[in-house]
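The values are calculated or read from the model by the stated rules, or taken from the named source; none is laboratory data. Please read all numbers here as calculations on a predicted model, not as lab measurements. Positions of Cβ are generated from backbone atoms using ideal geometry, with glycine treated the same way; all protein chains shown enter the neighbour counts.
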Amino acid sequence: MAPENIIAERFISPTTKIIHMEALEVNEAKAHPTGTQVPHRQATSAQLTPPSTRALARTCSRARTRRQRTSLLGTRVAQVRAPLWPAPPPRRAAHAPGRDISRTGRPTRQVGHPRSSSQLGSAGTPPAGTGTDLLQLFTMIRLLAAALLVVGAARAEDLPRVQAWQRCACAATEAPSLAGVVTAVPGQEDFAPYMARVEQVLETQCDIVDPLRCFEGETLVDGETVDFVVVGAGSAGSVVAGRLSEHPEFSVALLEAGGPEPTATQIPGTYFSYLKSDIDWNYPLEPQTNAFLGAADGRGYWPRGKVMGGTGVLHGMMYMRGNKWDYDNWAALGNEGWSFDEVLPYFKKSEDNRQIGTYAEADYHGTGGPVTIEQFHDHPPLADYILAGAKELGYRALVDLAGHNQTGFTLAQSTTRDGARLSLSKAFLHSAVYRSNLKISQHSLATKILVDPVTKRATGVQYERDGVLHNVFARKEVIVSAGAVASPQLLLLSGIGPKADLEALGITVLADLPVGENLRNHVSFTLKFRIFSEVAHETLSNSTVYEFITNRTGPLTSTGLSQLTGFIRSSVPGGDAPADVPDTQIFFAGFLANASRTGADDEQPITGSVPYFEITPTLLRPSSAGTLKLRSIDPHDVPLIHANYFAVDRDLDVLVDAIKFSLRLAQTSPLQQLQVVHDTTPTAGCESIEFGTDEYWACSVKYLTNPENHQAGTVSMGTVVDSRLKVKGIDGLRVIDASVMPRVPGGNVNGPIIMVAEKGVDMVVQDNSASASS
């Protein structure tokens, strides 16, 4: 008989519903001989929920006045309820102490090869004193700690909001479902029932449920006036609004086009599942003649988060900074105050690095900030072989690449906390949601910056919520933190940009500035390798879900092989950076526990029995620059994005050189021990060119172009904003996000975005303090 997946429900307090995953994978034929009865009972949520819990659920439901949203499949996934089983499985041993990396690419969904059930061990009943009682204790401790943290930090006038947070922390919400985003992939429709049950369990974990969904119905009064209006609650905007609200003398309104973070996004193991969902803007690029030639529509797409936390809810959580030279170069371009020595304190300010002295270099990292930085708690054994291969080629391995020397390979640190994703909304806004001087309006799309045409001063923001236009006004400043795509789009819609382009659309020009120019992004190419020897790999299963729920350990706490990365310098001459500064980053992907049909530990992958992984060399310092322009005056229209990849030949040459390095890495003796073989299937469109030549790889890159998600430069410092991030020619308007970076840093950009936000908000406070105004 097929395995039956069983989820039990328990409640441990009169005010909080706790769903407990218990005995999850039971093979009835093995566990119960013929003629014996499988003990189970049926129960419904209403039967098990205490009245007070049901009342609170209704209260939270009324507080959420947002429209009902459906899953990607067009209908809500049914709440599947299975029979109950009393005994939880034993805790599975984790891998070696964790490491972390991730990237914002699009790795193939099914990777790796699961262990057999004999390797994983048999399920059974844990020793006395573990299981249900221990889980209840863990959960109560988490709830108590969260409540004490919020209440202890609250001011007296904020207590009503604290109480609302406590009521709603574990209430259900409508959002893109994990089952929906997984089954949106063709061939994975039968994953829905099990993934829906997994999501039910995750919804009980109050430390990863977004409390901001309990304030989803909060709105601003039309015409309301505050000190600061912040547009965008992504990585930068979350920092800006959170930090400003720490000053009780300031009032802050934060506008975000999306809603709360879906709970399943907090699981590192499912980190790319929400790409192309309805929390992803998924911006299309304009076709070009030397990139994306193999795409069906001739376009690439850029994922950008439409959610509290922004793209930080979609990406791979890798924490990198780029190179010291990146920031010294910003200063050399005329941006005073932005050299590496001047920005390092702001990198350190937000950090709570948990590995100083063991992995992270003390002089380069900080502690005590709101952003936890640590390696993932789990990594696949294949990563150790790759690190050994990098050492064989002469590179440092397992070192801090956000420290004094960027060259080498490592299991990177990440923005995670205790095994779960840590978005900047979670880091800065979850603790600020109770503050009476911070108002957050979700599902609110900024459509125009309001500027007095006579004084040329920004006075507020027009935004749309539920199809209705509203205004919110700023006494002191409007701060745009909508990201490298949406920030320039909003400025252009408001009459700030190239004069000729704006006049062509009938937009009144308020400031003739090169908004949308200097668009920079990393670009990459992916190689696939198969492994013909057995390599241990864990999947999303009953056991690993239980391990995550009870201990925050196991493969769900990592991004698999994506946590591994390296930085090298190509052999291609030229470029702006000195010869010792890396111009290429190497990403990896594979062995990710992200989806399951049944939850069985020995479930086989749909791609067959031969595991594979990917190596993705990436151009870090492109000489080519693109542009962003308005498609129309409709703020709902996506902008015209001309990425302009490979406009400069050296960019393509560097990527080809990096491909050849990746092939050499795969040939090192540690990887050959695993019988790693490159997949030599010819690239469609390049079959007539001799395989393996530089010409062949250049052709392949143009057909199978892989854009990274590290956009920057569209509201560039020095041309559009000054070194204090004020928009030139417009008073009271500042831009604080990746768009102000004059050049994209050489690495993942979330860390630099946090730094820019920390430094930018310090400037805002300095310029608006009592002493400055007197």
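Numbers for the structure displayed
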item	result
Residue list for segment 611-622, filter: modelled with pLDDT of 95 or more and either out of contact with any Gly (no Cβ under 7 Å at 6 or more places or on another chain) or not in a loop (DSSP other than H, G, I, E, B) (or both)	GLU614, ILE615, THR616, PRO617, THR618, LEU619, PRO622
Odd one out for LEU445 among (1) over 30 Å from SER533 (Cα atoms); (2) buried (at least 22 other Cβ atoms within 10 Å of the Cβ); (3) under 22 Å from the mean Cα position of the chain (by Cα)	(2)
Strands (runs of 3 or more DSSP E) (entirely within segment 626-730) containing at least 1 residues that are out of contact with any helix residue (DSSP H, G or I) (no Cβ under 8 Å at 6 or more places or on another chain), under 21 Å from ILE615 (Cβ atoms) and hydrophobic (A, V, I, L, M, F, W, C)	676-678
Selected residue [among the hydrophobic types (A, V, I, L, M, F, W, C), farther than 16 Å from CYS699 by Cα and under 28 Å from the mean Cα position of the chain (by Cα)] from LEU674, LEU620	LEU620
Hey, LEU640 closer than 26 Å to TRP330 by Cα, touching a strand residue (DSSP E or B) at 6+ places or on another chain (Cβ under 7 Å) and of a type outside the set (Lys, Arg) or not	no
Single residue of segment 503-543 satisfying the filter (in a helix (DSSP H, G or I) and in contact (Cβ under 8 Å) with a residue 12 or more places away in the chain) that is farthest from VAL638 (Cα to Cα)	SER543
Number of positions in segment 353-369 that are out of contact with any Lys or Arg (no Cβ under 9 Å at 6 or more places or on another chain) and either surrounded by 23 or more Cβ atoms within 10 Å (Cβ to Cβ) or among the aromatic types (Phe, Trp, Tyr) (or both)	1
Output for segment 467-486, where each listed residue is touching a helix residue (DSSP H, G or I) at 6+ places or on another chain (Cβ under 8 Å) and in a strand (DSSP E or B)	GLU477, ILE479, VAL480
Filter result for GLY751 (part of a loop (DSSP other than H, G, I, E, B) and either modelled with pLDDT of 95 or more or more than 19 Å from GLU342 (Cβ to Cβ) (or both))	no
Of residues in segment 485-536 being at pLDDT 95 or above, of a type in the set (Val, Ile, Thr) and within 22 Å of ILE586 (Cα to Cα), the one surrounded by the most Cβ atoms within 10 Å (Cβ to Cβ)	VAL523
Segment 248-287 - residue that is of a type in the set (Phe, Trp, Tyr) and part of a loop (DSSP other than H, G, I, E, B) and, of those, nearest to LEU630 (Cα to Cα)	TRP281
Among residues of segment 408-440, those that are under 17 Å from ALA360 (Cβ atoms) and either in a strand (DSSP E or B) or hydroxyl-bearing (Ser, Thr, Tyr) (or both), counted	9
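Listed here are the residues, each with its yes/no results for (1) small (Gly, Ala, Ser); (2) part of a loop (DSSP other than H, G, I, E, B); (3) at positive phi.
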| residue | (1), (2), (3) |
| --- | --- |
| LEU293 | no, yes, no |
| ALA296 | yes, yes, no |
| ARG299 | no, yes, no |
| THR311 | no, no, no |
| HIS315 | no, yes, no |
| ARG321 | no, yes, no |
| TRP325 | no, no, no |
| ASP328 | no, no, no |
| ALA331 | yes, no, no |
